[in-house]
């Protein structure tokens with residue numbers, strides 16, 4: 001069922017967080033981080049997710065943004081513990097550019113995770129009008 005919404009409040013922060021996460025990945029790319037192919041898959045996933053969350057109005061839509069934020073955050077943590085570049089990037093071991101890019105990516109996806117979760121909870125706390133059959 002559709003609900004009304006605007007891109008303000010938590011819904012807007014969810015979209016903005018996904019875009020900021022994608023910008024962080026772009027900064028990582030420019031700073032020399034190697035990716036399996038161009039464009040980096042995470043950047044594409046976050047931008048498509050931001051577009052989806054931004055243009056749809058189903059009450060579960062912000063949960064998609066939250067899930068994408070969680071997906072990228074868990075990927076960062078798993079790759080970091082498995083010897084990937086994430087933690088080294090964040091600590092500045094691979095240069096300031098990659099540290100900034102990694103930090104921006106994490107801030108964005110954590111914002112999307114939190115805001116998308118809160119907005120979804122709000123959306124399901126408000127009773128929806130039933131459509132006549």
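Things to note:
- Tally of residues being in a loop (DSSP other than H, G, I, E, B) and loosely packed, with under 13 Cβ neighbours inside 10 Å across segment 30-52: 5
- Matching residues, segment 88-124, being outside any helix (DSSP H, G or I) and within 18 Å of residue 26 (Cβ to Cβ): 94, 95
- Inter-residue pairs, beta-carbon under 6 Å, first at pLDDT 90 or above and in segment 1-22, second part of a loop (DSSP other than H, G, I, E, B) and crowded, with 18+ Cβ neighbours inside 10 Å, 6+ apart: 11/5
- Taking the criterion of being closer than 14 Å to residue 11 by Cβ, surrounded by fewer than 16 Cβ atoms within 10 Å (Cβ to Cβ) and in contact (Cβ under 8 Å) with a residue 24 or more places away in the chain, the residues of segment 53-105 that qualify are 57, 58, 60.
The values are calculated or read from the model by the stated rules, or taken from the named source; none is laboratory data. These figures come from a predicted structure and were not determined experimentally. Because the Cβ atoms are built from the backbone with ideal geometry, glycine has one as well, and the counts that use them run over all protein chains shown.
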